[in-house]
1. Within the stretch 99-161, which GluC sites (Glu not before Pro) sit in a loop by DSSP and count at most 10 neighbouring Cβ atoms inside 10 Å?
2. If amide hydrogens are placed 1.01 Å from N in the peptide plane, which non-local residues have theirs closer than 5 Å to the one on THR136?
3. Given the DSSP H assignment, sum -39500 (n - 2.57) over each helix run of at least 4 residues in the chain and divide by its residue total; what's the result at 222 nm in deg cm²/dmol, nearest 500?
4. So what's the net charge close to ALA323: Lys and Arg +1, Asp and Glu -1, counting the other residues with Cβ under 10 Å from its Cβ?
5. Give me the accessible area per residue for the chain, probe 1.4 Å, as a whole number in Å².
6. Take every Cα-Cα pair in the chain and report what % of them are more than 40 Å apart.
7. What distance in nm lies between label points placed 7 Å from Cα along the C-beta direction at THR249 and SER281?
8. May I ask you to list the lysines whose Cα is less than 28 Å away from that of LYS304, ignoring any residue fewer than eight positions away on the same chain?
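The values are calculated or read from the model by the stated rules, or taken from the named source; none is laboratory data. Given the structure is predicted, the values throughout are model-derived calculations rather than measurements. Heads up, the Cβs are rebuilt from the backbone with ideal geometry, glycines too, and the neighbour counts pull from every protein chain shown. Each accessible area value is taken on the protein alone, full model and side chains, heavy atoms only, with ligands, DNA and RNA left out. Shrake-Rupley method; radii C 1.70, N 1.55, O 1.52, S 1.80 Å.
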Amino acid sequence: MHPETLAIYQSRMADANAGAVVPPISLSTTFEREADGSFPHGHIYSRSSNPNRDLLETALAQLEGGFAGLAFSSGQAATMTLLLALRPGDHVILGDDAYHGTPALLEELFHPWGLTYTRVDFTDLEAIRSSIHENTSLIWIETPSNPLLKIADIQAIADLAHNAGAWCACDNTWATPILQRPLDLGCDVVMHSTTKYIGGHSDVLSGALIFREDGDFYQRVRRYQTLGGAVAAPFDCWMLLRGTKTLTTRVKAQSATAMQLAQFLHEHPAVEAVHYPGLESHPGHAIAQKQMTRFGAMLSVQIKGGSDAAMAVAGRVQLFTRATSLGGIESLIEHRASVEGPNTTTPQNLLRISVGLEHADDLITDLEQALNALT
Ligand SMILES: *Cc1c(COP(=O)(O)O)cnc(C)c1O
């Protein structure tokens, strides 16, 4: 089945009480035992499992082509729970421009706990290979990267990880399973901030992990999800399941508009550089074409004239909301270096754009007036 069909078909639920077409929200934290002590519906207590979470976890697993999904209260909670399944003394390799919260977790939470990590340029396979140590247990891919949209070769990196006896994870938040399926390319686990495209409307904070197969790694993370308890609430799961039904259509439309914006920005004299893997001039274009079905709805742009010029453009746009985050139906623009703080390596003249569902022509007209005001 195609993802559009799958997302709608598999999330139907037989509702014996009322025949509801849309799954009811199951707020009960506890579930009744039979007289013989068994749990005929499979649920005991909502931290372990819940009907709405089950539906969402199954939907996400199907969309990513995985064995099972696990839903969390945020993307960071998903990453944290995955890292807890490593052992003190293990070593992690991740990209030099991974989402800033991932290295922050490694540095502030897991470094004291006993993990070490190395950050390298993930477009450089040799750099990854030479960072692998005997104790490397996880290679963490994020592609397209944040905020420079660098493209990492998922299949090649998964091979490197497996040859070294390490797990390979991919943060697939920006691409979504509609554009890229890392499990098919050899990764063991996919992570999502479902806050972004899967929720799709900037109104649910949540995260997920999807595993390719059953085994010790999956079972440990599943156990820590229940033990740690950073699970997604029933209402959030319900909202996210709703999001999966329009995911394909949203992401296709948003990607098409992003391509038009990238082409417009690429030609504009006030622009120093556009980072969008759909442009033929992008250094990762060929790999993106190999592993993605479309190039996504995120792009970043460097404005001539430094930080002040970039801030002026962000200050003049009318249709884009100046806010962090991404993946919603409204277009957002942000001066990324300000969000990342004083230690950022993000260029000061960079604006990150999350393209929404507005008409491309209106968004281009808006960017045009903001850029033209610079000259
Ligand atoms: C937002 C984001 C995260 C963190 O997810 P939260 O839901 O904010 O905890 C991780 N990775 C990427 C790529 C993100 O965009």
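1. Working: sites: GLU107, GLU108, GLU126, GLU134, GLU142; in loops: GLU134.
Of the GluC sites (Glu not before Pro), the ones in loops of the stretch 99-161 whose Cβ has at most 10 other Cβ atoms within 10 Å are GLU134.
2. Placed amide hydrogens put HIS91 under 5 Å from THR136.
3. On the way: 13 runs with 140 residues, N = 375.
About -11000 deg cm²/dmol.
4. Details: positive: ARG322; negative: GLU330, GLU334.
Local net charge: -1.
5. Numbers: 15790 Å² over 375 residues.
Using a 1.4 Å probe on heavy atoms only, each residue of the chain averages 42 Å².
6. Working: 10788 of 70125 pairs.
For the chain, the share of Cα pairs beyond 40 Å comes to 15 percent.
7. Placing both labels 7 Å along Cα→Cβ, they lie 3.6 nm apart.
8. LYS150
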